[in-house]
1. Quick check for you: with a 1.4 Å probe and neighbouring chains kept, what is the accessible area per residue of the range 94-148, in Å²?
2. Length gain on complete extension for the stretch Q107 to S28, per 0.36 nm per residue less the alpha carbon to alpha carbon distance?
3. Any idea of D138's accessible area? Nearest 10 Å², probe 1.4 Å.
4. With the alpha-carbon atoms as the only input, what is the per residue convex hull volume for the range 35-148 in Å³?
5. Taking 0.36 nm per residue of separation and subtracting the Cα-Cα distance, what length does fully extending H52 through S65 add?
6. Between the range 83-148 and the range 44-61, how far is it from one alpha carbon centroid to the other, in angstrom?
7. Could you list which residues have their amide H under 5 Å from that of G31, counting only those 5 or more apart in sequence or on another chain, with H placed in the peptide plane?
8. Can you give the net charge of the other residues whose Cβ lies under 12 Å from the Cβ of D43, counting K and R as +1 and D and E as -1?
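The values are calculated or read from the model by the stated rules, or taken from the named source; none is laboratory data. The structure presented is a predicted model; accordingly, all values stated were derived computationally and were not measured. Note: ideal-geometry Cβ built from the backbone for every residue, glycine included; neighbour counts use all protein chains shown. What goes into the accessible areas is simple: the full protein's heavy atoms, side chains included, and nothing from ligands, DNA or RNA. Shrake-Rupley method; radii C 1.70, N 1.55, O 1.52, S 1.80 Å.
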Amino acid sequence: MKMGASALSLLAVLEVGGASLMFMQPRSLDGEFGGEVNAGAVDSFPPGSVTHFPDGRFYLIRADSGGFLAVYQRCTHLGCTVNWEPNQNRFFCPCHASAFDIHGDVQNPPAPRALDTFAVTIENGEVIVNTADIQTRDQFAPEQLVHS
Ligand code: FES
């Protein structure tokens, strides 16, 4: 009887320990916010386009020049999600009416600076956005565009 209780206790300890180890393993965030997102083939984004990736929490911009820029969807005022308004050619924040141009530059305050960005790389003709690293900036500069 005593042996049985000890064996059960040991089993319980092993179960709890195993469950703890599972939680301690790093979870891959690839494909979603916090990890690397493969946005798709370079050629699937026409110049002058803006594409929303809700799971990655960014907009992928392909400028008229063909360069790419990934901007965080989070407003730089108090953090609401901005919407892309194609008819106005701007990002608009519904919380306090900040507006940003296609490169994420402030058009209308109270937002204090341009939308944050994520690193973009082109690998084998695919656009990869690293959402693990949020890059702040005061304003847009052409060097921020990534060309294939
Ligand atoms: S949170 Fe966007 S304008 Fe205030």
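1. On a per-residue basis, the range 94-148 sits at 52 Å².
2. So the chain would gain 24.8 nm between Q107 and S28.
3. It works out to around 120 Å².
4. Hull volume normalised by residue count: 91 Å³.
5. The span from H52 to S65 would gain 2.7 nm if fully extended.
6. Spelled out, the Cα-based centre of one part sits 10 Å from the other.
7. Sorted by chain and number, the residues that satisfy this are E36, V37, N38.
8. Once all neighbours under 12 Å are counted, the net charge is 0.
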